[in-house]
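Enquirer: Take a look at the following structure, please.
The values are calculated or read from the model by the stated rules, or taken from the named source; none is laboratory data. If you're wondering where the values come from, they're calculated on a predicted model, not measured in any experiment. So basically every Cβ, Gly included, is an ideal-geometry build from the backbone, and we count neighbours across all protein chains shown. Heads up: the accessible areas ignore ligands, DNA and RNA and are worked out on the full protein's heavy atoms, side chains in. Shrake-Rupley method; radii C 1.70, N 1.55, O 1.52, S 1.80 Å.
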Amino acid sequence: QGEGVAETGVVALAKRQNKERLAAYVRRTTGVSIDPSSMFDVQIKRIHEYKRQLLNVLHAIALYAEFRDGMGNDRIPRVKLFGGKAASAYVAAKQILHLANDVSRTINADPAVGDRLKMLFLPNYNVSLAERMIPAADLSEQISTAGMEASGTGNMKFALNGALTIGTLDGANVEIREHVGEDNIVIFGLTAPEVAAIHNGSQPFDPAAAIAADPRLDMAVRMIADGVFSPEEPDRYRQLVDDLKHHDRFLVTADFAAYCAAQDTVERRYRQWSAWLRSTVLNTARTGWFSSDRTVRDYAEEIWGAMPPAEPEARAAE
């Protein structure tokens, strides 16, 4: 990838410099070293079940299991980075956050994995940290359960900074796909009508059966349930696992296989460095539609019925 940076010019160099800047910050604040040559896979969200940080964590566990068992050597090196805050009384969100940190600690300490996979939940997320994370991201995680994300603006910031989006067809992802093009975004999973059909009972869904039918998902869930990531307290995530098996309102288990397939697509694209770079440039170039100027103008014309005042020269002519 170092050669790719030299060959593809200033855009790739800018991304590399932003990744090095974030890596230095991570090393300074957490003591963990991450390789800027790895793909930086970033999810910055308020911690909430419908935003499905848990889906991302399960994918990390599945990757970890591959490396631990001597497989996955052909995978590209990846750094999964999380940021966000949970409401103080939101127990499930706190459990997901706790699990993400436990999984990170286990992965980062395992010599069988090395630099092929790192995972970190960066503390004290705020605007200053966003200014480091967003420009450094290669992949933007926008994976909320379809139909539950009102809009979202983080995905726009990532696209503007040259990160490709992996996401459900939900919120502003719909408009991002329209503007950047289907070849420059990776969409997966259930649609909003399909989610509604499951929730209203017209489409039966059994999360326990979905887990049992997918070896990667089954192993990831069993590793959590067996205390692999919390050996000092093996039952720490019993409630989380029970909810996933018997309720799964946010359809993490329903979308897991499609999410993993989409992540494999991301890896194939990332290996084609020139094509990947072209997609990042197109993401930046085509997200101008989301500018505040255009937004305010559309609101003024279509909702408020307000017209801007005439320019001084026009008033004088009148």
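Enquirer: Go through (1) free of Cβ contacts under 8 Å to residues at least 24 places away in the same chain; (2) closer than 20 Å to I61 by Cα for Y237 and report which single condition fails.
Expert: Among (1) free of Cβ contacts under 8 Å to residues at least 24 places away in the same chain; (2) closer than 20 Å to I61 by Cα, the lone unmet condition for Y237 is (1).
Enquirer: Here are some conditions: (1) within 19 Å of the chain's Cα centre (by Cα); (2) crowded, with 18+ Cβ neighbours inside 10 Å. V228 meets all but one. Which one does it not meet?
Expert: Of everything listed in (1) within 19 Å of the chain's Cα centre (by Cα); (2) crowded, with 18+ Cβ neighbours inside 10 Å, V228 misses just condition (1).
Enquirer: Give the residue that is nearest to M133 (Cα to Cα), with candidates limited to residues of segment 31-45 that are out of contact with any Pro (no Cβ under 8 Å at 6 or more places or on another chain) and open to solvent by 10 Å² or more (accessible area, probe 1.4 Å).
Expert: Initial filter on segment 31-45 (out of contact with any Pro (no Cβ under 8 Å at 6 or more places or on another chain)): 31-34, 36, 40-45.
When the remaining residues are screened for being open to solvent by 10 Å² or more (accessible area, probe 1.4 Å), the result is 31-34, 36, 44-45.
Working: G31: 17, V32: 16, S33: 15, I34: 13, P36: 12, I44: 9, K45: 12 Å.
The qualifying residue nearest to M133 (Cα to Cα) is I44.
Enquirer: Okay, moving on. Return the only residue of A112, A62, A93 being surrounded by fewer than 19 Cβ atoms within 10 Å (Cβ to Cβ) and among the hydrophobic types (A, V, I, L, M, F, W, C).
Expert: On the way: A62 fails: surrounded by fewer than 19 Cβ atoms within 10 Å (Cβ to Cβ); A93 fails: surrounded by fewer than 19 Cβ atoms within 10 Å (Cβ to Cβ).
So the residue among A112, A62, A93 that is surrounded by fewer than 19 Cβ atoms within 10 Å (Cβ to Cβ) and among the hydrophobic types (A, V, I, L, M, F, W, C) is A112.
Enquirer: I've got another one for you. If I ask for residues that are in contact with an Asp or Glu (Cβ under 8 Å, 6 or more places away or on another chain) and farther than 20 Å from E49 by Cβ, which ones from segment 82-117 would you list?
Expert: Looking only at segment 82-117, we keep the residues that are in contact with an Asp or Glu (Cβ under 8 Å, 6 or more places away or on another chain), and these are 92-93, 96, 115.
Answer for segment 82-117, where residues must be in contact with an Asp or Glu (Cβ under 8 Å, 6 or more places away or on another chain) and farther than 20 Å from E49 by Cβ: just D115.
Enquirer: Next up: Kindly provide the set of residues from segment 97-109 that are in contact (Cβ under 8 Å) with a residue 40 or more places away in the chain and open to solvent by 10 Å² or more (accessible area, probe 1.4 Å), ordered by number.
Expert: L97, H98, R105, T106, N108
Enquirer: Would you call V266 in contact with a Leu (Cβ under 8 Å, 6 or more places away or on another chain), touching a residue at least 24 places away in the same chain (Cβ under 8 Å) and either under 28 Å from E175 (Cβ atoms) or hydroxyl-bearing (S, T, Y) (or both)? Spell out the reasoning first.
Expert: Values: in contact with a Leu (Cβ under 8 Å, 6 or more places away or on another chain): yes; touching a residue at least 24 places away in the same chain (Cβ under 8 Å): yes; either under 28 Å from E175 (Cβ atoms) or hydroxyl-bearing (S, T, Y) (or both): yes.
For V266, the condition - in contact with a Leu (Cβ under 8 Å, 6 or more places away or on another chain), touching a residue at least 24 places away in the same chain (Cβ under 8 Å) and either under 28 Å from E175 (Cβ atoms) or hydroxyl-bearing (S, T, Y) (or both) - is met.
Enquirer: If you go through segment 286-318, how many residues are farther than 24 Å from L160 by Cα, at pLDDT 85 or above and open to solvent by 90 Å² or more (accessible area, probe 1.4 Å)?
Expert: 4
Enquirer: On to the next question. Quick check: is even one residue across segment 24-31 within 17 Å of the chain's Cα centre (by Cα) and either at pLDDT 95 or above or farther than 14 Å from L122 by Cβ (or both)?
Expert: Scanning segment 24-31, I find no residue that is within 17 Å of the chain's Cα centre (by Cα) and either at pLDDT 95 or above or farther than 14 Å from L122 by Cβ (or both), so the answer is no.
Enquirer: Right, another one. Being open to solvent by less than 70 Å² (accessible area, probe 1.4 Å) and among the aliphatic types (A, V, I, L, M): is that true of A254 here?
Expert: Working: open to solvent by less than 70 Å² (accessible area, probe 1.4 Å): yes; among the aliphatic types (A, V, I, L, M): yes.
Answer is yes for this residue.
Enquirer: Looking at segment 65-81, which of its residues are of a type in the set (D, E) and open to solvent by less than 40 Å² (accessible area, probe 1.4 Å)?
Expert: Of all residues in segment 65-81, those of a type in the set (D, E) come to 66, 69, 74.
Scanning segment 65-81 gives a single hit, E66.
Enquirer: Exactly one condition in (1) in a helix (DSSP H, G or I); (2) at pLDDT 95 or above; (3) of a type outside the set (D, E, K, R) is not met by V5; state its number.
Expert: (2)
Enquirer: Quick one: would you say F205 is of a type in the set (F, W, Y) and part of a helix (DSSP H, G or I)? It would help to see each step written out before you state the result.
Expert: Details: of a type in the set (F, W, Y): yes; part of a helix (DSSP H, G or I): no.
The answer is no for F205.
Enquirer: Within segment 173-230, how many residues are polar (S, T, N, Q), in contact (Cβ under 8 Å) with a residue 40 or more places away in the chain and farther than 25 Å from I96 by Cβ?
Expert: Within segment 173-230, residues that are polar (S, T, N, Q), in contact (Cβ under 8 Å) with a residue 40 or more places away in the chain and farther than 25 Å from I96 by Cβ number 1.
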